[in-house]
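One structure below.
The values are calculated or read from the model by the stated rules, or taken from the named source; none is laboratory data. This one's a predicted model, so the numbers in the text were calculated from it and none came from an experiment. Methodologically, a virtual Cβ is constructed for each residue, glycine included, from the backbone with ideal geometry; neighbour enumeration extends over all protein chains shown.
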C-alpha cells in the first residue's frame, strides 16, 4: 500500500494509541473502547512492550496498531486492528510481519494470539503468516439477576488474601491458562482482586480470584488442589460463594481454556458460552 509506514507504538502517546485501538475496533464483534489510562493498565497487567509494538501510518496518520507482550521466551500479540475504511489493503499483514521480525530479533521462541472463531478473515490472515491453531478458549457469561440464592445452603468458602491464594497457582493448574489468566497477569492485578478460599480441616483445597465490575463479577482464576477428592464440587462452592456476596450481579469469564477440568462448574451454575476463540501459536523452531 502506497504511503504506508510502520513505527514503534511508543512514539504515540497512550491517549493517541488508545484512540487508534478504539477506532480500529469500532465495528468489532463486541464493543471495545479504551482510554489512555485504561490502556496503560492493560499494558502493565499484560506485559506489553510498546517499544516492540507497532502502529501503522497512512499518509502520516495512524490507521492501525498491534501490541506485543513478552514473558521470558514467549511473546503474545494483541489488539491487532485497522481502521474500517482501510482494511483488506495489507496493513494488518504488514504489522504482523513487523512483529514477527521483532520476535525473531528478541530471541523469543514463540508468539501466541487469540482470534474469534467466527473471524474467518482473521483466521486466514494468521494461517498465511504461519500461525497454527493450538487450542480453544471460552468466553462465559452469567446474566445479572440469574443467580438463585439458597439461604439453606451454608457458606463453605471464606475471604482470603489474593496474594496468599495466588501462591498455589503453579501447582493447581493442570491446564496452562491463557495469557490474560496467567499468574504474571494476576500478580499485576492483585490490588484490584478479591479472593475466597475453600478449606477442609484447616487445609486449603481451592480458591477463586475475582473483581467487581459494574453489574458483573469478573472471574480471573478458579483453582482446586490436585489432591482434592471432589474438584468440581469445590469449584462450584467457590463460584457460588462469589455470587452469594453479590447475588444480583452476573458473572464473566474471559478466555478460559475449553479443556480446563473445572469448566463444568461454571456451566452447572448457569454460566453460558457466548463466544469461542482460537489460541494460535507461531513457533520459530517450526520454520517461522
*If you go through the stretch 56-72 one residue at a time, how many are in contact with a helix residue (DSSP H, G or I) (Cβ under 9 Å, 6 or more places away or on another chain) and modelled with pLDDT of 95 or more?*
11
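Run down 157, 225 and say which single residue is surrounded by 12 or more Cβ atoms within 10 Å (Cβ to Cβ), outside the structural domain of residue 69 (by TED's automatic domain parsing), in contact with a strand residue (DSSP E or B) (Cβ under 8 Å, 6 or more places away or on another chain) and modelled with pLDDT under 95.
Numbers: 225 fails: modelled with pLDDT under 95.
One residue alone meets the criteria, 157.
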*Give me the pairs, please: first residue somewhere in the stretch 29-41 and in contact (Cβ under 8 Å) with a residue 40 or more places away in the chain, second residue anywhere and surrounded by 13 or more Cβ atoms within 10 Å (Cβ to Cβ), beta-carbon distance under 8 Å, and either six or more positions apart or on two chains.*
29/116; 29/119; 29/275; 30/275
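Out of 217, 211, 245, which single residue is surrounded by fewer than 21 Cβ atoms within 10 Å (Cβ to Cβ), touching a helix residue (DSSP H, G or I) at 6+ places or on another chain (Cβ under 6 Å) and not assigned by TED's automatic domain parsing to the domain that holds residue 78?
On the way: 217 fails: surrounded by fewer than 21 Cβ atoms within 10 Å (Cβ to Cβ); 245 fails: touching a helix residue (DSSP H, G or I) at 6+ places or on another chain (Cβ under 6 Å).
None of the other options fit; the residue is 211.
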*What is the residue count in the stretch 173-192 for residues that are over 14 Å from the mean Cα position of the chain (by Cα) and surrounded by 19 or more Cβ atoms within 10 Å (Cβ to Cβ)?*
1
*Within the bounds of the stretch 238-252, is there any residue that is closer than 23 Å to residue 74 by Cβ and modelled with pLDDT of 95 or more?*
no
*Any idea which of (1) in contact with a helix residue (DSSP H, G or I) (Cβ under 9 Å, 6 or more places away or on another chain); (2) exposed (fewer than 15 other Cβ atoms within 10 Å of the Cβ); (3) over 14 Å from residue 78 (Cβ atoms) is the one residue 4 doesn't satisfy?*
(2)
*So which residues in the stretch 81-92 are more than 18 Å from residue 114 (Cβ to Cβ) and either in contact (Cβ under 8 Å) with a residue 24 or more places away in the chain or loosely packed, with under 15 Cβ neighbours inside 10 Å (or both)?*
83, 84, 85, 86, 88, 89, 90, 91
